[in-house]
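The values are calculated or read from the model by the stated rules, or taken from the named source; none is laboratory data. From a predicted model like this one, the values you see are computed outputs, not experimental measurements. Every residue, glycine as well, gets a Cβ built from its backbone with ideal geometry; the counts of neighbours run over all protein chains shown.
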Amino acid sequence: MRNTKRTLAALTCAFALLPAGAAFAGSGPAPAPAKERSVRSTAPSAAGNPASAKAQDAGVCADAYQIGTTGYVKRGTETIASVKQFYSPNCAENYAYVWVWDSFKATAGDYDVTTAVYSYSRDEYLGQRSWTNTTAQEFWSHGTLTVSECTAAVGYVRKAGDPVANGGASSKRC
């Protein structure tokens, strides 16, 4: 018992001599991420990527982000596309975005797509762009100067052979 007390006392003294601020491997703040990792992806995505090639082709500003809730385009009971509205603070513009779902794209053949920003105060589609006989997945409208208006993104998809397009809209944003 006496040896145990001495050993405990010796260990306590030894630990007291260690500096309180000692760092060990794996402790402390994480290192800053490498520059290569901070480069923004240019891959298209269902969430919408303003840095993608199609977004850049439409003139979408790099700081654009989704506003409001996502709308959906349905063909019967099948959801075939998502519709989102984006806003860029740097460019003071709104954009509409349509993403055709994989399940529809895989079986549809070609289709037509239209996307635009709808202005409630003007009762007009703005920034509209349309594609015919396409099999692409990602579609952006042109930017619109509607930041001070109530707006929604709208999207229409028409499968070849269907007489009428199916449409959807994101939520109204003011």
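Every residue in segment 68-107 that is farther than 11 Å from Val157 by Cα, out of contact with any Ser or Thr (no Cβ under 6 Å at 6 or more places or on another chain) and small (Gly, Ala, Ser), please. Those that are farther than 11 Å from Val157 by Cα, out of contact with any Ser or Thr (no Cβ under 6 Å at 6 or more places or on another chain) and small (Gly, Ala, Ser): Gly76, Ser88, Ala92, Ser103, Ala106. Pairing each residue of segment 121-134 that is surrounded by fewer than 15 Cβ atoms within 10 Å (Cβ to Cβ) with any residue that is in a loop (DSSP other than H, G, I, E, B), provided the two are 6+ apart or on different chains, yields C-beta distances under 6 Å for Ser121/Glu149; Asn133/Asp110.
Restricting Lys84, Lys105, Lys74 to residues that are basic (Lys, Arg), assigned to a helix (DSSP H, G or I) and in contact (Cβ under 8 Å) with a residue 24 or more places away in the chain narrows the list to Lys105.
The rows are residues; the columns are (1) within 27 Å of Ser148 (Cβ to Cβ); (2) among the hydrophobic types (A, V, I, L, M, F, W, C); (3) modelled with pLDDT of 95 or more.
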position: Ala16; (1), (2), (3): no, yes, no
position: Phe24; (1), (2), (3): no, yes, no
position: Ser45; (1), (2), (3): no, no, no
position: Ala53; (1), (2), (3): no, yes, no
position: Lys74; (1), (2), (3): no, no, yes
position: Ala81; (1), (2), (3): no, yes, yes
position: Ser88; (1), (2), (3): yes, no, yes
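Among the candidates Ser130, Ser148, the residue that is part of a loop (DSSP other than H, G, I, E, B), modelled with pLDDT of 95 or more and hydroxyl-bearing (Ser, Thr, Tyr) is uniquely Ser148.
Checking each residue in segment 55-71 for being in contact (Cβ under 8 Å) with a residue 60 or more places away in the chain, closer than 19 Å to Gln137 by Cα and surrounded by 16 or more Cβ atoms within 10 Å (Cβ to Cβ) picks out Ala55, Ala58, Val60, Thr70, Gly71.
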